[in-house]
């Protein structure tokens with residue numbers, strides 16, 4: 001561990017030294033600054049995120065994302081809805097991995113009601129959760145190429161993501177917004193043929209990962225555009241509450257699927273948490289690639305021994321959640337997604353705090369963009385990976 | 001004690017220990033605490049010790065900043081906005097009752113920090129007075145608190161002393177009101193009556209059936 005740590009230190013130091021030299025040069029030349037607006041409608045910001053950057057030559061001296069173009073006020077809306085209705089709302093937070101958004105909310109409600117889904121429902125939940133992750137992150141891998149000028153990966157990603165979306169659609173009826181999770185279990189059991197079909201698709205996705213690794217991650221241009229760019233050290237990542245692959249790429253061995261006890265099936269199978277010591281753009285992308293592959297292995301193992309039985313526990317027809325407060329978070333495709341649910345024993349939540357991953361992940365942008373060059377803004381933003389709906393909620 | 005040795009302590013004992021450690025660090029600034037067995041820990045600190053307790057938690061190893069927000073404990077005067085606009089306004093209970101770890105004020109600031117190697121989180125609350133809704137900013141403790149405090153300021157009207165830039169994040173800068181306060185109506189329901197009023201049919205068997213499926 002010491003050798004990798006000293007490597008980071010050296011990289012950090014040389015980076016800081018280079019920046020200090022540039023800053024001195026700028027003071028001598030006294031160049032005039034300019035303000036650059038990127039977005040809200042810009043092909044490289046995937047969504048309506050607007051970045052305001054103040055530049056000195058080619059270098060960013062100050063940058064700030066401007067949010068709110070997609071704020072829908074879900075926290076307020078949950079207060080006028082019943083518990084079963086909330087899943088339809090939270091589906092739309094991270095719209096590429098919708099099923100994963102439902103799970104922590106349902107788990108929080110179940111925790112307050114002191115009920116647990118039957119084992120079969122837990123297994124299917126975990127499978128669909130991982131399928132959401134695969135669909136979500138495989139699109140990231142394709143999108144990454146576009147940000148760097150490579151067009152091919154995005155076609156491959158859209159092609160292979162379609163197989164996963166078909167599986168989700170087959171099981172839940174919805175490609176993007178399944179609305180399938182229920183308090184106490186699931187809406188329905190898996191359809192016939194789901195298990196065999198999933199095995200075939202998981203194989204295809206592993207091929208996709210291999211192709212992507214050869215095509216993109218081995219590419220010289222890709223490496224030179226991402227290695228050593230946008231370095232986020234461990235302690236800064238923790239302070240900003242970065243989570244998911246962004247945190248693991250800074251060398252923090254932390255995965256909520258492994259490190260907490262939830263009524264889900266992750267701890268029933270063998271898998272590995274991938275980390276990378278560098279904390280740069282490359283590390284973040286690389287960790288995500290490994291996680292897609294790991295997810296396909298998790299799904300394969302879960303398919304081997306799905307327990308039989310019902311998919312729904314016995315719950316009252318009208319769901320009233322007892323008074324109390326509960327916090328549940330899960331390791332979603334984008335990072336830690338959690339709900340702080342306050343119940344007053346009513347049909348709907350009294351207050352819900354939605355802690356979404358992208359909000360924290362993007363809050364580091366002013367810090368990380370300071371001192372980078374203009375073309376790197378795009379790669380750093382792409383590697384942090386955000387979904388607009390997940391920032392604004 | 002090493003982290004490994006502490007990690008071997010079973011959950012609830014560990015949570016009790018965290019409360020004790022925090023109490024010895026900040027003294028009587030810790031007003032109340034609550035440990036939900038097998039689940040989570042809540043502490044409430046004095047308003048003037050908000051930043052000090054954040055620093056104390058960091059010193060105890062809670063390095064991961066999860067979120068910061070607020071709770072308005074007043075029941076909504078508008079209910080769920082599902083009332084028939086032609087009928088007289090129904091009577092509503094307006095007693096303010098706080099949740100775990102108690103409280104004295106209508107609004108409370110809530111934050112969560114996590115110990116990255118023990119995998120234990122602490123929910124920290126503090127009271128915010130109605131007359132002077134200001135607490136200290138947590139930015140010196142966790143730089144990431146910046147955006148969360150901006151959001152909380154915008155949504156609840158709570159000030160954060162020492163915050164460099166409390167601009168609105170989502171709403172226009174001339175927007176009046178604080179949307180997540182309970183006395184701010186959900187305008188969509190005010191403009192147009194909730195269509196659900198006419199759709200509701202009583203369930204077969206009436207209210208007794210409510211618990212019918214449970215055992």
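A few comments on the model shown:
- Translational diffusion of the stretch B:121-163 was estimated from the Stokes-Einstein equation, with Rh taken as the Kirkwood radius over Cα pairs; at 20 °C and 1.002 mPa s the coefficient is 197 µm²/s.
- Inter-centroid distance (Cα atoms) of the stretch A:235-260 relative to the stretch A:156-225, Å: 24
- In summary, the convex hull built on the alpha carbon positions of the protein assembly as shown has an orientation-averaged projected area of 29.4 nm².
- Mean projection area, nm², convex hull over Cα of the stretch A:247-316: 6.2
- Added length on full extension, which subtracts the Cα-Cα distance from 0.36 nm per residue, residue A:215 to residue A:270: 16.9 nm
- Among A:250-259, A:147-156, the peptide with the highest mean count of other Cβ atoms within 10 Å heads the list, and the full ranking is A:250-259, A:147-156.
- Value of Rg to Rh for the stretch B:3-211 (Rh from inverse mean 1/r over Cα pairs, i.e. Kirkwood): 1.06
- Peptide B:61-69 - average C-beta neighbours from other chains (10 Å radius): 6
- Extension reserve of the residue A:318-residue A:253 stretch, reckoned as 0.36 nm per residue once the Cα distance is removed: 19.2 nm
- Based on the Kirkwood approach, the hydrodynamic radius assigned to the stretch B:93-154 is 13.5 Å, with every pair of different Cα atoms included.
- Projected over every direction and averaged, the convex hull enclosing the alpha-carbon atoms of the stretch A:133-195 yields 4.9 nm².
- Label-point gap, in nm, between residue A:199 and residue B:183 - each point 7 angstrom along Cα→Cβ: 6.4
- Hydrodynamic radius of the stretch A:162-314 per Kirkwood, over alpha carbon pairs, in Å: 17.7
- Over the stretch B:107-189, volume per residue of the alpha carbon convex hull, in Å³: 125
- Using the Cβ-Cβ distance between residue A:64 and residue A:151 with R0 set to 30 Å, the FRET efficiency works out to roughly 0.45.
- Working note: Cα atoms of the stretch A:82-359, range along each principal axis, descending, whole Å: 59, 45, 30.
- Label-to-label distance, residue B:131 versus residue B:190, with points set 7 angstrom from Cα along the beta-carbon direction: 2.8 nm.
- Model label points for residue B:59 and residue B:171, set 7 angstrom from Cα along the Cα-to-Cβ axis, are 3.9 nm apart.
- When you count the other C-beta atoms within 10 angstrom of each residue and take the mean per peptide, A:181-193, A:199-211 line up highest first as A:181-193, A:199-211.
Bear in mind that the values in this text are calculations on the coordinates, not laboratory data. It should be emphasised that the depicted structure is a prediction, and the values quoted were computed from it without experimental measurement. Heads up, the Cβs are rebuilt from the backbone with ideal geometry, glycines too, and the neighbour counts pull from every protein chain shown.
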